[in-house]
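Asks: Let me give you the structure first, and then I'll get to my questions.
The values are calculated or read from the model by the stated rules, or taken from the named source; none is laboratory data. Please read these numbers as outputs of a predicted model, since none were measured by experiment. Methodologically, a virtual Cβ is constructed for each residue, glycine included, from the backbone with ideal geometry; neighbour enumeration extends over all protein chains shown. Keep in mind that these areas ignore ligands, DNA and RNA; they rest on the heavy atoms of the full protein, side chains included. Shrake-Rupley method; radii C 1.70, N 1.55, O 1.52, S 1.80 Å.
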Amino acid sequence: MTETAQHSPRRRPARRTAAALVLAAALVPAGACDLKAGPLPGSTRPAAQNAPADTGSPAPRSGSGTSRIPPGFDETGFQEDLRTAETVTDGFWRKHWTELFTGSYSSPRVLGLYNGRDPSSAPRCGRERLGPDNASYCPAGDFVAWDAGLMRSGYARGDAWVYLVIAHEWGHAVQNRLRRGLVSSAAELQADCLAGATLYGSSDDGTLRFESGDEQEMVDTFQVIGDKTPWTKPGDHGSAVQRLRYFSRGGTGGVRACFR
């Protein structure tokens, strides 16, 4: 994915239809729910699920987690895509908030990368520090952060990884800004839906351009981060099939489709 020039937006109404076909087709081979994530490139163990922390306030940002960078890793491109994903995601909500909800939008703080293998430097959320292989939104601290090892190893699979993870965690920040009645009991799946609405909505706005292979990379990402079992209780992320279905719902129907 790449950021487009702000002064020359290009609307892409056909993009949502194409995305629906790609994502819907992917649901067929992914029908088995007991998907198991294999090790990420440059990692010696499976990645943990994307679980947001619950409460707390951050410690100063520090630590880069560079020890797990795969050989030949494009660090410059990685840093650029991180900044773009953060900027585009925040820009989408800033632009469309008043069309969708009452009140005004405020951005969560972005702590960004942290070194989950160094507990002393990882951000604190409540009484716990954020751990390795995780990406989080902390409601009490109102910040988003992601383990550098997770993000770099995922990026080695394709740049769509960072856009999807960041848009998902931002979805939790959006949920925290809404009245409780609007937040689904399946909050993780709703955040996936909001991520789809954000990325494809940004494409429609002309602030984000999908490149060849991006949609397949997102399908592959859900096969990595999906749980073994379907969603059954609050806090569950859902199976890869469920997560992809909800992401597709937001991608094709927009933000409002995430609150039906």
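Asks: Does Ala160 fit the bill of being out of contact with any helix residue (DSSP H, G or I) (no Cβ under 8 Å at 6 or more places or on another chain) and open to solvent by less than 10 Å² (accessible area, probe 1.4 Å)?
Replies: No: the conditions fail for Ala160.
Asks: Take region 166-175 and flag every residue that is out of contact with any strand residue (DSSP E or B) (no Cβ under 6 Å at 6 or more places or on another chain) and in contact (Cβ under 8 Å) with a residue 60 or more places away in the chain.
Replies: Within region 166-175, Ile166, Ala167, His168, Trp170, Val174 qualify.
Asks: Shifting gears a bit: Restricting the search to region 92-111, which residues are buried (at least 17 other Cβ atoms within 10 Å of the Cβ) and either hydrophobic (A, V, I, L, M, F, W, C) or over 19 Å from Gln175 (Cβ atoms) (or both)?
Replies: Once the filter is applied, which keeps residues that are buried (at least 17 other Cβ atoms within 10 Å of the Cβ) and either hydrophobic (A, V, I, L, M, F, W, C) or over 19 Å from Gln175 (Cβ atoms) (or both), region 92-111 yields Phe92, Trp93, Trp97, Phe101, Val110, Leu111.
Asks: For region 142-157, which residues satisfy the criterion of being touching a residue at least 40 places away in the same chain (Cβ under 8 Å) and open to solvent by less than 10 Å² (accessible area, probe 1.4 Å)? Steps first, please.
Replies: Here is the first cut: in region 142-157, the ones touching a residue at least 40 places away in the same chain (Cβ under 8 Å) are 143, 145, 147-157.
Correct list: Phe143, Ala145, Asp147, Ala148, Gly149, Leu150, Met151, Arg152, Ser153, Gly154.
Asks: Related question: State which residue is nearest to Ala167 (Cα to Cα) when the search covers only region 205-221 and only residues that are part of a loop (DSSP other than H, G, I, E, B) and of a type in the set (Ser, Thr, Tyr). Please lay out each step first, then the result.
Replies: Of the residues in region 205-221, the ones part of a loop (DSSP other than H, G, I, E, B) are 206-207, 210-213.
From what is left, the residues that are of a type in the set (Ser, Thr, Tyr) are 207, 212.
Working: Thr207: 14, Ser212: 20 Å.
Checking each candidate, the answer is Thr207.
Asks: While we're looking at this one, here's another question. Which residue out of Arg260, Arg180 is closer than 24 Å to Glu128 by Cβ and surrounded by fewer than 19 Cβ atoms within 10 Å (Cβ to Cβ)?
Replies: None of the others qualify; the one that does is Arg180.
Asks: Inspect all residues belonging to region 163-177 and state whether any of them is of a type in the set (Lys, Arg) and touching a Cys at 6+ places or on another chain (Cβ under 8 Å).
Replies: Residues of region 163-177 of a type in the set (Lys, Arg): 177.
Subsequent filtering for residues that are touching a Cys at 6+ places or on another chain (Cβ under 8 Å) retains none.
No, region 163-177 contains no residue that is of a type in the set (Lys, Arg) and touching a Cys at 6+ places or on another chain (Cβ under 8 Å).
Asks: Let me ask something else. Is it the case that Ala187 is open to solvent by 10 Å² or more (accessible area, probe 1.4 Å), at pLDDT below 95 and not β-branched (Val, Ile, Thr)?
Replies: yes
Asks: Can I ask one more? Just wondering, is there one or more residues in region 115-123 that are open to solvent by less than 40 Å² (accessible area, probe 1.4 Å) and in a helix (DSSP H, G or I)?
Replies: No, every residue in region 115-123 fails to be open to solvent by less than 40 Å² (accessible area, probe 1.4 Å) and in a helix (DSSP H, G or I).
Asks: Of these, Ser153, Ser136, Ser185, Ser202, which one is among the polar types (S, T, N, Q), in contact with a Pro (Cβ under 9 Å, 6 or more places away or on another chain) and part of a helix (DSSP H, G or I)?
Replies: Just one listed residue meets the conditions, Ser153.
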